[in-house]
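The structure appears below as structure tokens.
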Amino acid sequence: VEDIAARIVEKALQLGCQDAVADLVHNRSYQIRFAQNEPVISNRWREETASVFLVFDKRVVATDIKDLSNTDMAVERLVKIAKSSQRNPDYAGIAHGPFKYARTRPDPRILALEDGHKFVEAAIHGALEMGARETAGSFWRYEDEHFLRTSNGVEARDHRASLYLSIRALTSLESSGHGIACATKLSQFDPEKAGRKAGRIATLAKDPKPGKAGRYTVVLDPLIFGSFTDNAVGRLSAYAVLAGLSPYGKKIGKRVASEVVTIADDGAGDSISRKRFDAEGMPTRRHVLIQKGILKTYLHNTSTARRFKTRTTGNAGLIAPEPHAVFVKPGNWTKDEIFSEVKDGLWLTNTWYTRYQSYVNGDLSTIPRDGILHIRKGEVVEAWKDVRLTDNLIRVMKNVVALSDKTEQMMWWGEVSIPNHVPYALIKDVGITRSAE
Amino acid sequence: MELEQDLVDFAVDYARRKGATYAEARFERQEQENFFLKNGVLDALYLGQDRGIGVKVLANGSLGFAATNTLTKPAVREIVDDSVRIAKGSRRKTPITFAQEESITANWSVPEEKKLADVPVEEKIQEIRELDKQLMALGFKIPARYFQLGDNRIVKYFGNSEGSRIHSYSPRLRIFYYLTVMQDGEAEQTHRNYGWSGGWEGVRAWDLTNRILEEAKSMDRSLREGKKSPEGKMDLVVGPQVSGIAAHESCGHPTEADRVLGREASQAGKSFISPDGLGMKIGSEHVNVCDDPTIEHAIAYYVTDDEGVRARRRYLYKEGRVNEFLQNRETASYFQTRSNGAARAVNYNVEAIVRMANTFVEPKDHSLEELLEGVRFGVYMKSFMEWNIDDKRYNAKYAGREAYFVENGVIKHPVRNTVIELTTPTFWSAVDAVGKDFEFEAGFCGKSDPGQALDASLGGPSMRLRNVYLR
């Protein structure tokens, strides 16, 4: 397999390409989906893909080759098409290797895992024990192996494996909670805890009343705060900034969050998307993006870094820079202190469907789902339903008052697209709207 | 294709021999070209060369699915072994069954006047560069322009253990773009998405240049002349884009049978419509919402679905009442009915689940002028930017992109950021007249885990809503 990656790069150079990258990926993932408290389908993948990036005279082409039996022909086709394409004057090359990489290995117990039913059952049991009537979700055993070669001397390999479980628990259609379990070591995987959390929130969310519009102090659970940090970091890709799809344009060195907010991207940190290198072969490492509320850098590949007169942050994707994993620096409040600070506010536990009215100024709305809990004097007094968080990404981040002293790893179905290590957040003056009847 | 056909047939036979009570296999090849033009520069060209086989089996009352892109007999044998083993190993207690369907032998394809494969890369690039050039010639400040033009040629071969054997070919074309127009530090943004089943002739059918230039002009006008949108209860006329998104979000999704049954509860959510909700009143008698895969040139056109069931039009809401759920064979069995051909998968490596295709409000008889004539004080919302809806599909929001104040039937000045935030029954119950104009746009519809962002069309005519709260 390593030979295939080398052969693709060699062939591209023979055909006149200046830069070439080939990332051979073996996917051996396994999944169980469940609903109504029992499995609905089990899935298994055995796939080999070559993700290829070629540059011919500043003409950039990329592909994912699935037929590895004749990669020469695929590369020839790609180069032929590149010749018909147009120059990208902003293209500035790929990273120069070779590099040294961190020594990381997947947990052999995860690699040996053939059946995930006991994890699914533990999560369901946890939720039902806390009072839920219905559960649904997914268990994943992710496994992929990468063999990377580039025309700039990179030869790298990375075997990644992790466990993930997402569970939604319901006591009724309008009363639900969500829990997440992530681990890179089998011994740290705790799906029952995720189930218990989902079940507990679903129970707290019973008999919800229609919510009231207004501006509130809110506690964001890690799952929904993770959605905000995921949004923020996604919009920090230099590509998003250049495409007008980010509120962070021309804000380097400026305040974009409150002083308690420090956010880093770290592909090398322990997360379920830990990786040794980016798509150019640059070793991943920690980059502080927002430090004490001040924007320090965008996410870059070699080309966008040149455009912004800086260095790559090792965040190259096949075409555009992208985040690896988000780490929010924990605060110094306990979770209890955060809740007890709320005199009359809301505890939001999850959200979905975040959409922007304007990407360049960050006006957005998102729909809290699962428990929407009204808090008075630090205690849950009732559950709400049918409200929407309508505000602005930067304003919300500037209004963060405090963060809890522990973070949890969150990732969930689109809304938290990569692992985000996030604490509970106390945020003041958050806009809440609701539908008119 | 002979090799792939043999492998699919082998997978189905071998799965049955391994103890599957039902087996299906789907070979799929997708050849894509995607062009990314950002601020006048062609960033990159992405060529997809995707192909493989997915096998779904029912064994011991449980479902197993496995996929590979290695097209050899040993590799296919391995995924059949996988799928049967994981199905048999499932600890499910309630057996899954499939609704009975007739076996089909078919070979269908979407005609291309000008084959996508024959259009040179240079011509495709030139198409979006020309759009960008004409946009810049307007002389507005448009600091961010992002176009993505893509085509996809999808070849499938489907076989199941009941004897169905189906070949198909679907060429598809899509463009979407984001534009940012600025004036005095204020920004107006838009995104649009157009799709086509067929050949390169779709580009002309879209009439893109006019649409984009008109959109940019309306954005500039909004910035120059736009006023705060009025707040309170008033009449509202919505354009086809808004009708389309409402049809998709507030009708199509809540009538997906798998969502109604809770199979998507942890991801795309459930539905405010319960399993016994057929006949439930949702809107006024003027409201008919359909989903129809058989509309020629709509991007989600198909003849047979990914379970080998023949496609047909589905009336989801009829005269304001829930009329039919979207079904695949698994959900149809639960409801003791037949599949209506709504099973789709985004590629060979994922299971086919219940999906919308081309969803729209059925047009009626009013012209736009007639709809507006009846408005004494209100807003005409032609298009939207921000939108979302809760996971039970009950609380929706559509924030206006191009919108105008209307007084005594006359369109006055533009208004900015008009917000419709209504419950699904409130929205549909307020409809008192439906237009005869009609437009489709394309969308990516998200569902399932792993996520399947699937081609969909959203459309309809203009509609008038009475006495709804806007802000």
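Every read-out reported here was derived from the displayed coordinates using simple, explicitly stated rules and does not represent laboratory data. None of these values were measured; they are calculated from a predicted model. Don't worry about glycine lacking a Cβ; one is built from the backbone with ideal geometry, like all the others, and counts go over all protein chains shown.
The table for this structure:
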{"quantity": "Segment A:125-212: relative contact order as a whole-number percent, Cα under 8 Å and 6+ apart", "calculated": "33 percent"}
{"quantity": "Inter-probe distance in nm under a simple model that places probes 7 Å from Cα toward Cβ, at B:E162 and A:E155", "calculated": "5.5 nm"}
{"quantity": "Cut-off 19 Å (backbone N to label point 7 Å along Cα→Cβ of B:T94), residues of segment B:271-285", "calculated": "B:271-278"}
{"quantity": "Dipole of segment B:369-471, positive end: most advanced residue of B:V431, B:V406, B:M463 [Cβ charges, Cα centre]", "calculated": "B:V406"}
{"quantity": "Estimated FRET transfer efficiency when R0 is 60 angstrom, pair B:K217-A:K193 (beta carbons, to 0.05)", "calculated": "0.60"}
{"quantity": "Alpha-carbon centroid distance for the pair segment A:334-375 / segment A:111-150, whole angstrom", "calculated": "27 Å"}
{"quantity": "Residue-count net charge about B:D220 - beta-carbon cut-off 9 Å; Lys, Arg +1, Asp, Glu -1", "calculated": "+3"}
{"quantity": "Top of A:P368, A:P210, A:P191 by mean-square fluctuation, Gaussian network on chain A, Cα under 10 Å", "calculated": "A:P210"}
{"quantity": "Computed magnitude of the charge dipole of chain A (debye, nearest 20; Cβ of K, R +1, Cβ of D, E -1)", "calculated": "1320 debye"}
{"quantity": "Dipole-positive endmost among A:V219, B:L213, B:L223 within the protein assembly as shown (Cβ charges, Cα centre)", "calculated": "A:V219"}
{"quantity": "Rounded Å value of the spacing that divides the Cα centres of segment B:361-418 and segment B:136-185", "calculated": "26 Å"}
{"quantity": "Filtered trypsin sites (Lys or Arg not before Pro), segment B:37-94: DSSP coil and at most 11 other beta carbons within 10 Å", "calculated": "B:K93"}
{"quantity": "Neighbour-count ranking [beta-carbon atoms within 10 angstrom, fewest first] of A:V400, B:V379", "calculated": "A:V400, B:V379"}
{"quantity": "Cut-off 17 Å, label 7 Å out along Cα→Cβ of A:Q36, residues of segment B:329-360 by amide N", "calculated": "B:329-339, B:353-354"}
{"quantity": "Extension gain, A:A213 back to A:R109 (0.36 nm per residue minus Cα-Cα distance, nm)", "calculated": "32.5 nm"}
{"quantity": "Simple Cβ-charge dipole of chain B, Lys/Arg +1 and Asp/Glu -1, about Cα centre, in debye nearest 20", "calculated": "1140 debye"}
{"quantity": "Computed helical MRE - 222 nm, the protein assembly as shown, DSSP H runs ≥ 4 contributing -39500 (n - 2.57), nearest 500", "calculated": "-6500 deg cm²/dmol"}
{"quantity": "Farthest positive-ward along segment A:69-112 dipole, Cα basis, beta-carbon charges - from A:P89, A:M73, A:L111", "calculated": "A:L111"}
{"quantity": "For residues of A:379-389, the mean tally of beta carbons on other chains within 10 Å", "calculated": "2"}
{"quantity": "Segment A:1-106 - charge dipole about Cα centre, Lys and Arg +1 at Cβ, Asp and Glu -1, debye rounded to 20", "calculated": "160 debye"}
{"quantity": "Residue-averaged beta-carbon neighbours from other chains (10 angstrom radius) around A:62-73", "calculated": "4"}
{"quantity": "Set of lysines near A:K385 by C-alpha distance (under 17 Å), chain-local residues within fewer than 8 positions excluded", "calculated": "A:K206, A:K209, A:K212, B:K270, B:K392, B:K397"}
{"quantity": "Relative pair counts by distance (%), Cα atoms of the protein assembly as shown, 10 Å bins", "calculated": "2, 12, 22, 27, 24, 11, 2, 0"}
{"quantity": "Mean separation of Cα contacts under 8 Å (6+ apart) over length of chain B, as relative contact order %", "calculated": "16 percent"}
{"quantity": "Inter-chain shielding of B:191-201 (mean C-beta neighbours from other protein chains, 10 Å cut-off)", "calculated": "0"}
{"quantity": "Net charge, A:W384 excluded, C-beta distance under 14 Å - Lys, Arg +1, Asp, Glu -1", "calculated": "+1"}
{"quantity": "Amide N of segment A:1-40 lying under 14 Å from the label point, which is placed 7 angstrom from the Cα of A:H96 along Cα→Cβ", "calculated": "none"}
{"quantity": "Cα-based helix-to-principal-axis angle, A:191-204 vs chain A, degrees rounded to 10", "calculated": "40 degrees"}
{"quantity": "Per-residue Cβ neighbour rank within 10 angstrom, fewest leading, A:Y359, B:Y157, B:Y334", "calculated": "B:Y334, B:Y157, A:Y359"}
{"quantity": "Distance from segment B:276-315 to segment A:307-326 (C-alpha centre basis), Å", "calculated": "43 Å"}
{"quantity": "Projected label distance in nm at B:E123 and B:N107, using a 7 Å step from Cα toward the beta-carbon", "calculated": "2.7 nm"}
{"quantity": "Residue-count net charge about A:S85 - beta-carbon cut-off 9 Å; Lys, Arg +1, Asp, Glu -1", "calculated": "+2"}
{"quantity": "Spin-label model distance (nm) - B:K227 vs A:V288, 7 Å beyond Cα toward Cβ", "calculated": "5.0 nm"}
